[in-house]
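Computed from the coordinates by the stated procedures, all read-outs in this text should not be read as laboratory data. Since we're looking at a predicted model, the values are computed, not measured. FYI the Cβ positions are ideal-geometry reconstructions off the backbone, even for glycines, and counts take in every protein chain you see.
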Amino acid sequence: MTSSAHDVVVIGGGVTGAGVARDLARRGASVLLLEKDDYGGGTSGASSWMIHGGPRYLEFDWRTTRLSCEDAGKIVRIARHMVHRVVFLLPVLAGDKHNLEQLETAMEVYDRFQPLKLSNPHVRLTPEEARRLEPGLTDHLLGALTMEEWGLDPHRLVWANVQDAIENGARASNHSRVVDLIRDGRQVLGVRYRGPDGGLHEARSRVTVNATGPWSGELGRLAGVEIELRPAKGIHIVYDRRLSNFAISADAVDGRGLLMVPHGNFTLAGTTDDDFYGDPDDLEVLPDEVDYILQAFDRVFPSLRRHRAIRATAGVRPTIFRWRSYEDDLSRRYEIVDHADAPGLVSALGGKLSMYRLMAEEAADLVCRKLGIDGPCTTGTAPLPGSEVAAEPPSELAARYGISALAAARLQTRQGCRAPRIFDAGDSRGLVCRCEPITIAELRNTARQEQVRTLGDAFRRVGLATGPCSGALCVQRAAEVVGDELGWSSGQRREAAADFRAELWLGRAPVLDRWGWAEQELMAGARGRV
Amino acid sequence: MASSRDRASALRRLATAYARHQLRRWTGRASRDGAARAERIYKPEHYVALTPAERELLPALSRCINCGICALVAGRLGNAYLPDLSSAYLRPLHLLPRLRSDLEGPGQADLEAAAAACPVGVPLPAVAAIVRRLSNE
């Protein structure tokens, strides 16, 4: 067993834990970040991939909307290479929860906050105008409004926070599961964890931060404290392309608002929001959940069922407990808890992607007070790695390195101005994955520099197998490239590819259409498994 | 967590905003020409609309099962490998104007022949037409 000592151990490598680690490292604390699986592999990655200002909070608390918009604006500025504008069309139909005038009133109020996050005010559209912008909208419209938010890849956001923490002196390790807390009576003195090598390690710390999201209760039990959450499960359906340049909202059968959001080169539709009592490590997408989403869009965007869904995602929101509230009305606000019953342990509970930075700042403030560190928080102004300067036009990067402009543009959404560094080592610029597309050089780089230890990690870091072929063409090639970097034997490469295919299949089975099944059969045949 | 006082205050302010909004509607000071305004705002970021015909075709363009037969029949369109048109290019619609260099080049694929060979009936000439139109926006 090895042993190390730190000011702070942060448990949980989702966006909150990564944000706390980044903040503390920038203030000069010595930090160890531990993630049991992969960075952003839990709740963060299963989100709607949006940094939004929270117009729905206008009915409850305008301060939350203001805070949310202010912080969204900070994230947009520090992560400019990875954000994209999401322009919503909010269609209004007869029988909707809010009529057009009520909805426009809310948008007029929201317009006051939009400049905080560099967004434009809303535009009101007649039914004909709305259908001009999106011809797939139903012809039963009464009107529509536009509204802007921002989208980004949460996996990259989490990694960029981890990377910045490391560049500021932190240590971070994924596939490192905390198995116990080191305690002296009630005092928490650090953690024992099993590292990626399978070995047991001990890390002592002056403060231990529990940023484990839906696993917070489990971690609390190790410290002898009760942490009560009201976890809620949410699923999304992933479509193979940007179905439109405009996002679309829809009322579900129970009145909940659902969203269909185009991101870089795919579309997310969701989400559900159901109380969840199971194991957050064992999530399954149910056919009823898929139907619930499709039913809502049948009403406003009827062709959605004809488009190709390529997988579904599922996650558990770590919502703070409250009795007798309808799931969707539960606030996504957060609490930073300094456990009196377990001195040395701080928990960051609740929250949402849009406010991760602020939540991390408040957690770091508390930790710094305990440590006697008075460095200022810089996470709202210091750019994340890749956003230091504007990236060059993709065609220039493409011409310089002999790759397609498409490959260059997609690479820049992940690496920003640091994209050229990928080619420094002289690796091949051939493609591993054509749909995304990903070069051999990028995959090698991520295995070397970004703690990719499995093909699932490469899925999150560079989008391996996230395209329409869902890995059919690239998994084996990727196993060779990553295996080469990590020293896998040929048997380990085969096993890694098989494990990854099985992992992908879990998300694909609930949503495959006949073309998806045809592709699945074709590829199984090509691998000689018919 | 929002208190009941916060909630009451939020609802009161929304009610005032609603009254102002209705007044603007009645006095005819509401904005007009929404679609043109939206197009003006979003065109610089290439957030352009699909045409009704393209919208109708789009689901069929997603049928590609990446068998590669079209590439054997017809090769490349410009510098782009033919199966990539549907599987890679016709996905980030807003990026297409920045990817023109990929679509210009020596490749002159016989798209009709490629479509005829496609086992799942992807209408490749239509895919190419949409990619070209959006890349020229």
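Once you have the alpha carbon radius of gyration of chain B, what is it after dividing by 2.2 N^0.38 Å, with N set to its residue count?
Relative to the 2.2 N^0.38 Å estimate, chain B comes out at 1.65.
Let me spell out the model: positive unit charges on the Cβ of Lys and Arg, negative unit charges on the Cβ of Asp and Glu, origin at the Cα centre of the range A:425-526. What dipole size does that give, in debye rounded to 20?
60 debye
Highest mean first, how do A:54-62, A:288-296, A:15-23, B:113-121 rank when packing is the count of other Cβ atoms within 10 Å averaged over residues?
For the peptides A:54-62, A:288-296, A:15-23, B:113-121, the packing ranking is A:15-23, A:54-62, A:288-296, B:113-121.
Give me the Kirkwood hydrodynamic radius of the range A:1-130 in Å, from all C-alpha pairs, to one decimal place?
Computed over the range A:1-130, the radius equals 17.8 Å.
So what's the range A:425-526 giving for Cα Rg divided by 2.2 N^0.38 Å, two decimals?
The range A:425-526 yields a ratio of 1.04.
Quick test of your reading: applying the under-4.7 Å Cβ rule, which cysteines of the protein assembly as shown are isolated?
A:Cys69, A:Cys368, A:Cys377, A:Cys417, A:Cys435, A:Cys469, B:Cys64, B:Cys67, B:Cys70, B:Cys118
Count charges around A:Ser347 for me, please; just the other residues with Cβ under 10 Å from its Cβ, Lys/Arg as +1, Asp/Glu as -1.
Surrounding charge for A:Ser347 is -2.
Post the alpha-carbon centroid distance, the range A:222-276 to the range A:47-94, in whole angstrom.
So the separation of the two Cα centres works out to 15 Å.
What's the angle, to the nearest 10 degrees (0 to 90), between helix B:52-61's Cα axis and the longest principal axis of chain B?
The angle comes out at about 60 degrees.
A:Arg186 versus A:Arg77, label points 7 Å from Cα toward the beta carbon: distance in nm?
Label at A:Arg186, label at A:Arg77, 4.2 nm between them.
What is the sum of charges, Lys and Arg at +1 and Asp and Glu at -1, for the other residues whose Cβ falls under 9 Å from the Cβ of A:Leu358?
-2
Could you state the number of Å between the C-alpha centres of the range A:432-474 and the range B:67-114?
Taking the Cα centre of each part, the range B:67-114 and the range A:432-474 sit 22 Å apart.
For the protein assembly as shown, what does -39500 (n - 2.57) per DSSP helix run (n ≥ 4), summed and divided by total residues, give at 222 nm, in deg cm²/dmol to the nearest 500?
Theoretical 222 nm ellipticity from helices: -11500 deg cm²/dmol.
Grab the other residues whose beta carbon is less than 14 angstrom from that of A:Trp62, score K and R as +1, D and E as -1, and report the net.
+3
Over 44 Å, how big is the tail of the calculated P(r) for the protein assembly as shown, in percent of all Cα pairs?
Summing the P(r) tail past 44 Å for the protein assembly as shown gives 20 percent.
Between A:Ala518 and A:Ser428, what is 0.36 nm times their sequence separation minus the Cα-Cα distance? Round to one decimal in nm.
Extra length available between A:Ala518 and A:Ser428 comes to 29.2 nm.
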